[in-house]
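Below is one structure, written out as structure tokens; comments come after it.
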Amino acid sequence: MKNLLTLLLFFATLFSWSQKKELKQAQKLFKAAKISEAKASLDTNKELLEGAELKYVSAYSLLLSQISLAEKEYQASFDYLQLAAKDPSLKTKVAEQNDLLAAEVVQSAIDQSENKEFIASANNLYLGYLCDKEANIDYLYYAASNAVNAPDYELALKFYIQLKDLNYSGVQTKYFVTEVESNTEREVSESEYNIFQKSTEYNNFRAEDSESRFPEIVKNIALIYNQLGQKENAIKAVKEARSENPEDLGLIMTEANLYIELGEKEKFKELMGEAIAQDPTNANLYFNLGVVNNDLGDKESSRGYYEKAIELDPSMESAYLNLVALILEDESSIVEEMNSLGNSRADNARYDVLKAKRESVYLECVPVLKKLISVNSSNLEAINTLKNIYGTIGDNEGFMEMKKLLE
């Protein structure tokens, strides 16, 4: 019995020694950059190494991860690395390999995105996220964006839902300082920001948080559901987010924009009212209400909203142009009636009335367009429109002035 145990121990030791020897040989080949030879060695001794004790199996898996990375087989490299991580003694080496994998897979994803290989890029970015879910969570966001660009809406939805469940905001703090000598503000790193505060060469220190990406994520989930024909899920996604943050302006706008996508303009109008209550000095909100009310046929309200948008933001060129377009909508019906008249005395009298009415419409547009041109003297649409109005109403001086601006 003693001899049998001794013999078994001898074979076990011999087997272990063989495993170690073959692994060492493959590692030596890899370090010599003989990747294919190292891989062939592992393939030849696969059964021997896979049946080894943990320390050899883990080292074997780590080497396979390294070989896979060298061959740009990123998913395989990641999978082997998870097996290697089971051995605590390899913690440092596994961490180093993980960093190498993350860096290379993300760079590959960037290159693929530039080449419009969006699906491959999305999958690699997701793998980069998996390498370190806390530090690399931004890659999950970019993976979702690339999936949308593909477009692969099912994949994008999978990524966006993960982001939503993680309450990902993507908010980043940016740091700014002003150079005293040049009085120029520039963005700096956090460490530079802390150092410069001790210097007399900088002042006006300020930190600024970027906007949260969470409303955008919820909106995209809803839009994808809508794209997939799942309208109820689209509305549910937004309402769930708003139930947690009912006063969040971004989410109010997200829900409002969703209803525009769904063609429900009355609901959009209602939600924009909520948004204005939250942010009553936001010119864009009034502009959007002007657009929707015009679409709904409420010209009077639309005009009021455009005028309010201009009051709050006198540089909003689109509000001036939409206001002019709204005023000029009356022109088409006037001209149509003028063209339908005959040559009778009554028709001639009616023609004169309509002509004066049309001129009144044109004159109403003049101050709006002049104000817009004072804001931006290069706005060709405004200049051309005003030139044509001056030409129609016989204002030769105004016509020549606009013509000169176009030269």
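The values are calculated or read from the model by the stated rules, or taken from the named source; none is laboratory data. What you see is a predicted model; the values in this text were computed from it and never measured. Positions of Cβ are generated from backbone atoms using ideal geometry, with glycine treated the same way; all protein chains shown enter the neighbour counts.
State which residue is farthest from residue 217 (Cα to Cα) when the search covers only the range 169-196 and only residues that are exposed (fewer than 14 other Cβ atoms within 10 Å of the Cβ) and in contact (Cβ under 8 Å) with a residue 24 or more places away in the chain.
173
Condition first: of a type in the set (Ser, Thr, Tyr) and under 20 Å from residue 122 (Cα atoms). Can you find one or more residues in the range 209-226 that meet it?
Of the residues in the range 209-226, the ones of a type in the set (Ser, Thr, Tyr) are 210, 212, 225.
Narrowing the set further to residues that are under 20 Å from residue 122 (Cα atoms) leaves 225.
Yes, there is a match, as at least one residue in the range 209-226 is of a type in the set (Ser, Thr, Tyr) and under 20 Å from residue 122 (Cα atoms).
With 389, 334 as the choices, which residue is within 29 Å of residue 287 (Cβ to Cβ) and modelled with pLDDT under 90?
Values: 389 fails: modelled with pLDDT under 90.
Answer to the check: 334.
Tell me the helices (runs of 4 or more DSSP H) entirely within the range 310-407 that contain at least 3 residues that are hydrophobic (A, V, I, L, M, F, W, C), touching a residue at least 40 places away in the same chain (Cβ under 8 Å) and within 24 Å of residue 299 (Cβ to Cβ). Lay out the reasoning, then the answer.
Details: elements: 317-340, 345-375, 380-393, 396-406.
So the answer is 317-340, 345-375.
Just checking, does the range 117-131 include any residue being surrounded by fewer than 15 Cβ atoms within 10 Å (Cβ to Cβ) and out of contact with any helix residue (DSSP H, G or I) (no Cβ under 6 Å at 6 or more places or on another chain)? Working first, answer last.
The first filter runs over the range 117-131 and keeps only residues surrounded by fewer than 15 Cβ atoms within 10 Å (Cβ to Cβ), leaving none.
No, the range 117-131 contains no residue that is surrounded by fewer than 15 Cβ atoms within 10 Å (Cβ to Cβ) and out of contact with any helix residue (DSSP H, G or I) (no Cβ under 6 Å at 6 or more places or on another chain).
Return a yes/no flag: does the range 48-63 have any residue that is polar (S, T, N, Q), at pLDDT 85 or above, assigned to a helix (DSSP H, G or I) and out of contact with any strand residue (DSSP E or B) (no Cβ under 7 Å at 6 or more places or on another chain).
Initial filter on the range 48-63 (polar (S, T, N, Q)): 58, 61.
Keeping just the survivors that are at pLDDT 85 or above gives none.
No, that holds for no residue.
Take the conditions surrounded by fewer than 23 Cβ atoms within 10 Å (Cβ to Cβ) and within 20 Å of the chain's Cα centre (by Cα) and apply them to residue 99. Does it pass? Talk me through it step by step, then tell me what you get.
Working: surrounded by fewer than 23 Cβ atoms within 10 Å (Cβ to Cβ): yes; within 20 Å of the chain's Cα centre (by Cα): no.
When the stated conditions are applied, residue 99 does not pass them.
Being surrounded by 18 or more Cβ atoms within 10 Å (Cβ to Cβ) and of a type outside the set (Val, Ile, Thr) is the filter here, so list the residues in the range 227-241 that pass it.
Within the range 227-241, the subset surrounded by 18 or more Cβ atoms within 10 Å (Cβ to Cβ) is 234-235, 237-238, 241.
Answer for the range 227-241, where residues must be surrounded by 18 or more Cβ atoms within 10 Å (Cβ to Cβ) and of a type outside the set (Val, Ile, Thr): 234, 237, 241.
Only one of (1) at pLDDT 95 or above; (2) surrounded by fewer than 19 Cβ atoms within 10 Å (Cβ to Cβ) is not met by residue 86, so which one is it?
Residue 86 satisfies every listed condition except (1).
For the range 84-101, indicate whether the set of residues that are under 22 Å from residue 159 (Cβ atoms), among the aliphatic types (A, V, I, L, M) and assigned by TED's automatic domain parsing to the domain that holds residue 64 is non-empty. Let's see the steps before the verdict.
Looking only at the range 84-101, we keep the residues that are under 22 Å from residue 159 (Cβ atoms), and these are 98, 101.
Retained after the next criterion (residues that are among the aliphatic types (A, V, I, L, M)): 101.
From what's left, assigned by TED's automatic domain parsing to the domain that holds residue 64: 101.
Yes; the residues of the range 84-101 include at least one that is under 22 Å from residue 159 (Cβ atoms), among the aliphatic types (A, V, I, L, M) and assigned by TED's automatic domain parsing to the domain that holds residue 64.
The rows are residues; the columns are (1) under 23 Å from residue 31 (Cβ atoms); (2) hydrophobic (A, V, I, L, M, F, W, C); (3) in contact with a His (Cβ under 9 Å, 6 or more places away or on another chain); (4) without any contact (Cβ under 8 Å) to a residue 12 or more places away in the chain.
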residue: 81; (1), (2), (3), (4): yes, yes, no, no
residue: 89; (1), (2), (3), (4): yes, no, no, no
residue: 100; (1), (2), (3), (4): yes, yes, no, no
residue: 114; (1), (2), (3), (4): no, no, no, yes
residue: 118; (1), (2), (3), (4): no, yes, no, no
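Report, by residue number, each residue of the range 174-216 that is part of a helix (DSSP H, G or I) and touching a strand residue (DSSP E or B) at 6+ places or on another chain (Cβ under 8 Å). Working first, answer last.
Filtering the range 174-216 down to residues part of a helix (DSSP H, G or I) leaves 190-196, 214-216.
Residues satisfying the conditions are 190, 192, 193, 196.
Take the residues of the range 26-35 that are out of contact with any Asp or Glu (no Cβ under 9 Å at 6 or more places or on another chain) and modelled with pLDDT of 70 or more: which is surrounded by the fewest Cβ atoms within 10 Å (Cβ to Cβ)? Break it down into steps so the answer makes sense when it comes.
Let us first name the residues in the range 26-35 that are out of contact with any Asp or Glu (no Cβ under 9 Å at 6 or more places or on another chain), namely 27-28, 31-34.
From what is left, the residues that are modelled with pLDDT of 70 or more are 27-28, 31, 34.
Values: 27: 18, 28: 13, 31: 10, 34: 14.
Once the filter is applied, the top-ranked residue is 31.
Take the conditions closer than 28 Å to residue 276 by Cα, assigned by TED's automatic domain parsing to the domain that holds residue 392, among the polar types (S, T, N, Q) and at pLDDT 90 or above and apply them to residue 379. Does it pass? Give the steps one after another, and end with the answer.
Working: closer than 28 Å to residue 276 by Cα: no; assigned by TED's automatic domain parsing to the domain that holds residue 392: yes; among the polar types (S, T, N, Q): yes; at pLDDT 90 or above: yes.
For residue 379, the condition - closer than 28 Å to residue 276 by Cα, assigned by TED's automatic domain parsing to the domain that holds residue 392, among the polar types (S, T, N, Q) and at pLDDT 90 or above - is not met.
Go through the range 129-165 and report how many residues are under 15 Å from residue 215 (Cα atoms) and of a type in the set (D, E, K, R).
So the answer is 2.
Assess whether residue 285 counts as being of a type in the set (A, V, I, L, M, F, W, C), assigned to a helix (DSSP H, G or I) and at pLDDT 85 or above.
On the way: of a type in the set (A, V, I, L, M, F, W, C): yes; assigned to a helix (DSSP H, G or I): yes; at pLDDT 85 or above: yes.
Here the answer is yes, as residue 285 does meet what is asked.
If residue 297 satisfies every condition in (1) in a helix (DSSP H, G or I); (2) not assigned by TED's automatic domain parsing to the domain that holds residue 394; (3) not β-branched (Val, Ile, Thr) but one, which is the exception?
Residue 297 satisfies all of (1) in a helix (DSSP H, G or I); (2) not assigned by TED's automatic domain parsing to the domain that holds residue 394; (3) not β-branched (Val, Ile, Thr) except (1).
Take the residues in the range 246-263 that are among the charged types (D, E, K, R) and assigned to a helix (DSSP H, G or I); name whichever of them is surrounded by the most Cβ atoms within 10 Å (Cβ to Cβ). Let's see the steps before the verdict.
We begin by selecting, within the range 246-263, every residue among the charged types (D, E, K, R); these are 247-248, 255, 261.
Those still in the list that are assigned to a helix (DSSP H, G or I) too: 255, 261.
Values: 255: 25, 261: 14.
For the range 246-263, the residue satisfying everything is 255.
Are any of the residues in the range 217-224 at pLDDT 85 or above, of a type outside the set (Phe, Trp, Tyr), assigned to a helix (DSSP H, G or I) and surrounded by fewer than 17 Cβ atoms within 10 Å (Cβ to Cβ)?
no
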